[in-house]
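The values are calculated or read from the model by the stated rules, or taken from the named source; none is laboratory data. As the structure is a prediction and not an experimental result, all values here were calculated from the model. Glycine gets a Cβ as well: all are built from the backbone with ideal geometry, and neighbour counts include every protein chain shown.
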Amino acid sequence: MGQSAEFGKFLKAMRSRLSPDDAGAEATSGARRVPGLRREEVARLAGVSTDYYIRLEQGRNIHPSRSVLDSVFRALRLDAGQHTHMMDLLENCAASPRSPGPAQTVQTVRPALRQLLEAVGDIPAVVLGRRTDVLAGNRMAYLLFTDFRDLPAHERNLTRWLVLDPSARELFRDWKTVAAEAAGALRVDVGRHPNDPQANQLVGELAVHSEHFRQWWAGHRVATRSAGNVRLHHPAVGDLELNFENLVLPDDPDQTLRMYSAKPGSPSSDALALLSLGAEANAESAQPPRAAAGAPPPVPENRE
């Protein structure tokens, strides 16, 4: 399916979420069979003909001007992230497909960035790539969430883990909000890279196995937050409230450094410290005991 069709579907989804009162439109007469604005109401708000707007929603191969797009943007009350996504869908149309670019792996993460992940110590941090793939992370991130290194390569994806793994549902106290936002971030990525077969495969897998994801995806939700907070209940240290920051890397806009932190001196900060100390204690207890200095070597066991 071409991106022009996806562009039309996005417009329809955005229209369906608005009432005439929401959009400041004068309602047309007649009973409404479906929720949201009618196409003629959007057309009137945008200052275009109803026929022209219908062709936009139908994904016709037309080339609207920037002024028309801005008028539709205002009529549908889109936010900045939704507006950017709308433009991505239009620009990455089927007539001019764009390569998804080279594959991303842990090797594509610069050594200095991997060094930074370890240097931040008790601050959980991950590097996310296209499709919300987890390209790298530090010890604390793997302790807090899951050790993505232990998963098969195709499962090292934040959205996949959030939506499908039962442990994620137990960890995030606001699981639906967090998972829906991850699905929205995945939709943004698909809009930028519509010809990425791995992204399309991931969307298909999630849609097959999750009713929640199917609903979020059908609603064309877009998520572009650069910062926020999460509430967790970790099985080892209990409740935490953490802030996160998404830092897009200037040299590679398809890589994002996400860092989680707790307010200094807060119970959440203490819980993170306890999580780190507990992991260190477990690692030390797992080490074989060292022989005392000058002690004779152990006598081999006779298995005959």
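Hey, any hits in the range 226-241 for a residue that's touching a residue at least 12 places away in the same chain (Cβ under 8 Å), under 13 Å from the mean Cα position of the chain (by Cα) and loosely packed, with under 14 Cβ neighbours inside 10 Å?
Looking through the range 226-241, at least one residue is touching a residue at least 12 places away in the same chain (Cβ under 8 Å), under 13 Å from the mean Cα position of the chain (by Cα) and loosely packed, with under 14 Cβ neighbours inside 10 Å.
Hey, can you tell me all the residues within the range 211-225 that are over 13 Å from the mean Cα position of the chain (by Cα) and either among the hydroxyl-bearing types (Ser, Thr, Tyr) or more than 18 Å from THR84 (Cβ to Cβ) (or both)?
Kept after step one, since they are over 13 Å from the mean Cα position of the chain (by Cα), are these residues of the range 211-225: 211-212, 214-215, 218-220.
Scanning the range 211-225 gives GLU211, HIS212, ARG214, GLN215, ALA218.
For residues that are out of contact with any strand residue (DSSP E or B) (no Cβ under 6 Å at 6 or more places or on another chain) and either aliphatic (A, V, I, L, M) or part of a helix (DSSP H, G or I) (or both), tally how many sit in the range 133-145.
Taking the range 133-145 and keeping what is out of contact with any strand residue (DSSP E or B) (no Cβ under 6 Å at 6 or more places or on another chain), we get 139-140, 142-145.
When the remaining residues are screened for being either aliphatic (A, V, I, L, M) or part of a helix (DSSP H, G or I) (or both), the result is 139-140, 142-144.
The qualifying residues number 5.
Among the numbered criteria (1) at pLDDT 95 or above; (2) within 27 Å of HIS83 (Cα to Cα); (3) in a helix (DSSP H, G or I); (4) of a type outside the set (Phe, Trp, Tyr), which single criterion is violated by VAL208?
In the conditions (1) at pLDDT 95 or above; (2) within 27 Å of HIS83 (Cα to Cα); (3) in a helix (DSSP H, G or I); (4) of a type outside the set (Phe, Trp, Tyr), VAL208 misses (2) alone.
Count, please, the residues in the range 237-253 that happen to be at pLDDT 95 or above, of a type outside the set (S, T, N, Q) and either in contact with a strand residue (DSSP E or B) (Cβ under 6 Å, 6 or more places away or on another chain) or more than 10 Å from SER268 (Cβ to Cβ) (or both).
Number of matching residues: 6.
Quick one: is THR177 under 29 Å from ARG114 (Cα atoms) and among the hydroxyl-bearing types (Ser, Thr, Tyr)?
Taking the combined requirement at face value, the residue does not satisfy it.
Can you say whether THR224 is hydroxyl-bearing (Ser, Thr, Tyr) and in a loop (DSSP other than H, G, I, E, B), as far as the supplied structure shows?
Criteria met by THR224.
Look at SER99 and say whether it is among the polar types (S, T, N, Q), more than 16 Å from LEU11 (Cβ to Cβ) and at pLDDT below 90. It would help to see each step written out before you state the result.
Values: among the polar types (S, T, N, Q): yes; more than 16 Å from LEU11 (Cβ to Cβ): yes; at pLDDT below 90: yes.
Yes, satisfied.
In the range 146-157, what residues are outside any loop (DSSP other than H, G, I, E, B) and surrounded by fewer than 22 Cβ atoms within 10 Å (Cβ to Cβ)? So that I can check it myself, show each step before the final result.
Of the residues in the range 146-157, the ones outside any loop (DSSP other than H, G, I, E, B) are 148-150, 153-155, 157.
Those that are outside any loop (DSSP other than H, G, I, E, B) and surrounded by fewer than 22 Cβ atoms within 10 Å (Cβ to Cβ): PHE148, ARG149, ASP150, ALA153, HIS154, GLU155.
Any residue in the range 168-180 that is within 16 Å of THR224 (Cβ to Cβ) sitting within a Cβ distance under 6 Å of a residue that is surrounded by fewer than 19 Cβ atoms within 10 Å (Cβ to Cβ)? List the pairs, counting only those 6 or more apart or interchain.
What qualifies is VAL178/PHE172.
In a helix (DSSP H, G or I), modelled with pLDDT of 95 or more and out of contact with any Gly (no Cβ under 6 Å at 6 or more places or on another chain) - does that describe any residue in the range 256-267?
Within the range 256-267 (the criterion being in a helix (DSSP H, G or I), modelled with pLDDT of 95 or more and out of contact with any Gly (no Cβ under 6 Å at 6 or more places or on another chain)), the answer is yes, since at least one residue qualifies.
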